[in-house]
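Values quoted throughout were computed directly from the atomic coordinates according to the rules given, and no laboratory measurement underlies them. Remember, predicted model here, so these are calculated numbers, not experimental data. Because the Cβ atoms are built from the backbone with ideal geometry, glycine has one as well, and the counts that use them run over all protein chains shown.
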Amino acid sequence: MAIEIERKFLVRTGWKPTGSGTFYKQGYVTTPEHGATVRVRIAGDKAFITIKGPAVGLSRLEFEYEIPVADAHLMLAELTIGTVIEKIRYPITYAGHRWEVDVFQGCNSGLIVAEVELASPDAHLVLPDWIAEEISHDHRYHNVYLSQHPWSEWRNEKASGEHKT
């Protein structure tokens, strides 16, 4: 059993990647309304199926298994709900934590989100200067929500200019 403890943040305008990222393509077979989320993801030359339980604060159960890439392509084409999310993920190490910065493409183009997994919900975290506001508890920035309600459709609803293009 694995427990995911994660915080999410918007990234300030002007952030530039250092190094190369990995292209991700992912979709959802079920959504949180079903009690658990089932995600299919292709990351570079590997593919995974992930089952996530409901969030309790910053934590939730997460189970992830590698699957054949051909199966993942078929699942993304035939079984997913909503649009397929496309993004480039850049890993960054800062102050002892591994951050993942996602630069979204397609109908979520312009959105840049950073996430960091923690050992505990109250773990000390030093924020890089390229971090804007925390969005850990804003469901609109969860990938499952973005697959059904692309950022391009609602991004101007937010007053903060940090995440606008």
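Listing Ile42, Ile51 from the residue with the fewest other Cβ atoms within 10 Å to the one with the most, what is the order?
Result, fewest neighbours first: Ile51, Ile42.
Take Arg155, project a point 7 Å from its Cα along the Cβ direction, then tell me which residues of the range 92-114 have their backbone nitrogen under 13 Å from it.
Flagged as within label range: 103-113.
Can you compute the charge dipole magnitude of the chain about its Cα centre, using +1 on each Lys and Arg Cβ and -1 on each Asp and Glu Cβ, nothing else charged? Give it in debye, rounded to the nearest 20.
Using only the charged Cβ atoms, the result is roughly 320 debye.
Which order, highest average first, do 147-155, 7-15 follow once you tally other Cβ atoms within 10 Å for each residue and take the mean per peptide?
Answer by packing, highest mean first, reads 7-15, 147-155.
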